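Each value in this text was obtained by applying a stated rule to the coordinates, not by laboratory testing. In this text, all values refer to a predicted model and were calculated from it rather than measured experimentally. So basically every Cβ, Gly included, is an ideal-geometry build from the backbone, and we count neighbours across all protein chains shown.
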């Protein structure tokens, strides 16, 4: 069992096991290879980080954001003596490059905005690139520690929504909050079983989700992406839990493509759908008009882990996310509390 040696907790339960800064490098767990291989990628420039996000070496909305934040700090190590307006122009270039990697990501923009605010204030105070690098890296270390606590609290709050004997469907990889949810459910002596979708075309569910659930000692059954409706109709699923890449102030949930159709079918069968909301909604997204759905390279749907599965001469389409309206979401659970979807704005008060 591949666990964190200090906590005896599954490796992916903590963000700093997946992304960290060390010796002038951003170190990323290669989630395209995990769990078959536990391999880390060293990024020496912010462009290296950007490419690692784009090619999905690093996956998951939360860890992508922190990889980008460390990449932002790393960028200023390449301009150690720079100051003033030149450094401010450079900062905007770095910000735009990292932000462009996954335009739908809520936490990505939040972290990069915070980093940019730190940097602009430092530039106005005459600080050099080297000084700014140190400040951003220190800030990110604090953010990662905070994020681990947020994930644990979100998971614990969600565990209280589960009942002994529940069979829970999840889609894609909900990251560390899902792991903490299952660990807390065990502490509450609740017997939970999980179904997870394979999540084409990168198979995050088959690799990351299934493996992490298994590491908690929870029974997990893998299904293909076209099976959840059948499972629900057959009474094999009692609850559905996913994360969200973005939550609007009016309660819309943007998550991995496929979530919308599962939510609709879940409501038809009176199956509660809970969203792991981590730190709550995006303050800058009052509604869905602020959401840019990322369309990835359509050629990616022709392949599964490097093997072509489609015939030649056809077209592909790959929207990465879809949007679930609030009426299909029974609750959004954050590190603070449990909210009705349309009342998620209350998380901010």
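Quick check on packing: order 114-121, 328-335 by the mean number of other C-beta atoms within 10 Å, highest mean leading.
Ranking, from highest mean packing down: 328-335, 114-121.
To test your reading of the geometry: what angle, between 0 and 90 degrees and rounded to tens, separates the Cα axis of helix 84-99 from the longest principal axis of the chain?
Once rounded, one gets 20 degrees.
Indicate the gyration tensor shape class of segment 154-273 (rounded, prolate or oblate), computed on the Cα atoms with a ≥ b ≥ c the square roots of the eigenvalues: a/c under 1.5 is rounded; otherwise a/b larger than b/c is prolate and the rest oblate.
In terms of gyration-tensor shape, rounded.
What are the extents of the Cα atoms of segment 92-222 along their three principal axes, in Å, largest first?
For segment 92-222, the Cα extents along the three principal axes come out at 60, 33, 20 Å.
Between helix 106-124 and the chain, what is the angle of the helix's C-alpha long axis to the longest principal axis, kept within 0 to 90° and rounded to the nearest 10?
Relative to the chain, helix 106-124 is tipped by roughly 20 degrees.
Quick one: the Cα spread of segment 1-110 along its three principal axes, in angstroms, biggest first?
Projected onto the principal axes, the Cα atoms of segment 1-110 cover 51, 30, 20 Å.
How would 211, 191, 180 line up from fewest to most surrounding beta-carbon atoms within 10 angstrom?
With the sparsest Cβ surroundings first, the list reads 191, 211, 180.
By per-residue mean of other Cβ atoms within 10 Å, what is the highest-first order of 338-344, 26-32?
Ranked from most to least packed, the peptides come out as 26-32, 338-344.
Determine by what factor the alpha-carbon radius of gyration of segment 203-325 differs from 2.2 N^0.38 Å, reporting the quotient.
1.19
Can you give the alpha-carbon Rg of segment 269-349 over 2.2 N^0.38 Å, where N counts its residues?
1.51
As I understand it, the value is the acute angle between the Cα axis of helix 176-187 and the longest principal axis of the Cα atoms of the chain; what does it come to in degrees, rounded to 10?
50
Just the number, please: percent antiparallel of the DSSP beta bridges in the chain, rounded to the nearest 5.
55
Using only C-alpha atoms and all pairs of different ones, pull out the Kirkwood radius for the chain in Å with one decimal.
20.6
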